[in-house]
Amino acid sequence: MSRNKARCWIEAMRLRTLPVSLSGVIYAVGLGMTSWHFRPIAAALCLLFALLAQIASNFANEYYDFKAGFDKSGRIGPRRGVTEGDISPRAMKTATFATLAAACAVGCFLVWSYGQWWMYAVGIITALGVIAYSTGPFPLSRHCLGELAVICFFGIIPVCLTYILMGGTYGWWLLAASFGIGLMGANVLIVNNYRDMDDDKAVGKHTLTVAIGRRATAAIYLANGILALILTLPAWIASSRYWWIIPLTYTICHTTLYFRLSRLTGTALNPLLGITAILMLFYTTGFIITILLS
């Protein structure tokens, strides 16, 4: 594979967004450490599954958006390899299902080794969600449900299942915390759809931003971050006397990003997407570091 071809595939993975899949697992590991439930091999397999599932989802989104005519050459967002002719549609479709199959294999081994039978059902739902996000009779990303899908598949499911697979028990506090992490992940998609609103509207792609406009979307971005902080704060308070440092830093950074989101348009928003994802990773990784230093 040539260097240029490899670069096209790396771009298709959308590295800027990958912290979203990792953050839910990382936060669950922190929860496990605070309650003396930590299985390193199970945690590593959860990380691998989450990463493969998101890459498969990103590949599927590129392939099925191309097939539906929602992507066009010279779009505002990052370059799409299939649309620009750098990657053939057949190769992208093959990569989508090969990556999804790898994720399923990891997930089955994970559940067989550490889980319970009902987790196979959750795994099947997750695999279907990877594809249903972009295609099928009711594609979630095209019917204002993309953010809700992110909350579920990048917040609730990875946080709850990782924690339980490491030996923890379910509780309403866990659901609340996982929902908070999902809200942070949804903000990454919000930046993406905020940037692409004009292109999406032109091709009939009904994202949340297209439906409610940029001003309301920016307000949701701000509210998501604040609510996420509130929902995840109890675990922080119980973790260390220095619990306030990372949440305070997150609040300042998140508010700053909100003001930038409100003022920027077009390609100027591209870095903001990556920064929002990195801020989520900073928050979850900082949780573990705070615990280790306490």
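The values are calculated or read from the model by the stated rules, or taken from the named source; none is laboratory data. Treat the numbers as computed from the prediction; the structure is a model and nothing was measured. Neighbour counts are summed over all protein chains in view; Cβ atoms, including those assigned to glycine, are modelled from backbone coordinates with ideal geometry. With ligands, DNA and RNA removed, areas are computed over all heavy atoms of the protein, side chains included. Shrake-Rupley method; radii C 1.70, N 1.55, O 1.52, S 1.80 Å.
In this Cβ point-charge picture (+1 for Lys and Arg, -1 for Asp and Glu), the chain has a dipole of about 460 debye about its Cα centre. Once the C-beta distance of TYR120 and THR267 is scaled by a Förster radius of 41 Å, the resulting FRET efficiency is 0.45 to the nearest 0.05.
Which of the trypsin sites (Lys or Arg not before Pro) across segment 214-294 are loop residues per DSSP, with 14 or fewer other Cβ within 10 Å? Answer by residue number: ARG241. Relative to the present Cα-Cα distance, how much length would full extension add between ALA101 and LEU175 at 0.36 nm per residue of separation? Length gained between ALA101 and LEU175: 23.8 nm. So, R0 is 35 Å and r is the distance between the beta-carbons of LEU292 and THR255; what FRET efficiency does that work out to, to 0.05? Rounded to the nearest 0.05, the efficiency is 0.80.
Mind pulling up the Rg/Rh value for segment 25-107? Radius of gyration and Kirkwood radius, both on Cα.
Answer for segment 25-107: 1.17.
Our compactness index for the chain, the C-alpha radius of gyration over the empirical 2.2 N^0.38 Å, is 0.98. Taking segment 244-260 and a reference point 7 angstrom along Cα→Cβ of LEU227, no backbone N atom is nearer than 15 Å. How many percent of the accessible area of segment 220-262 is carbon or sulfur, using a 1.4 Å probe? Percent of accessible area from carbon and sulfur atoms in segment 220-262: 76. At the listed q of 0.10, 0.12 Å⁻¹, the Debye profile of segment 54-170, built from one uniform point per Cα, gives log10 I(q)/I(0) equal to -0.35, -0.49.
Sort out the exposed loop chymotrypsin sites (Phe, Trp or Tyr not before Pro) in the chain (DSSP loop, at most 10 other Cβ within 10 Å) and tell me the longest stretch that has none. In the chain, the maximal stretch lacking such sites is 118-294.
With Cα atoms defining each centre, segment 245-294 and segment 183-215 are spaced 19 Å apart in the structure. Take the chain with all the other protein chains still there, run a 1.4 Å probe, and you get 45 Å² of accessible area per residue.
Give me the Kirkwood hydrodynamic radius of segment 138-179, using the inverse of the mean 1/r over all pairs of distinct Cα atoms, in Å to one decimal. Result for segment 138-179 stands at 11.0 Å. For the chain, the number of Lys pairs separated by eight or more positions or lying on different chains, with C-alpha atoms closer than 17 Å, is 5.
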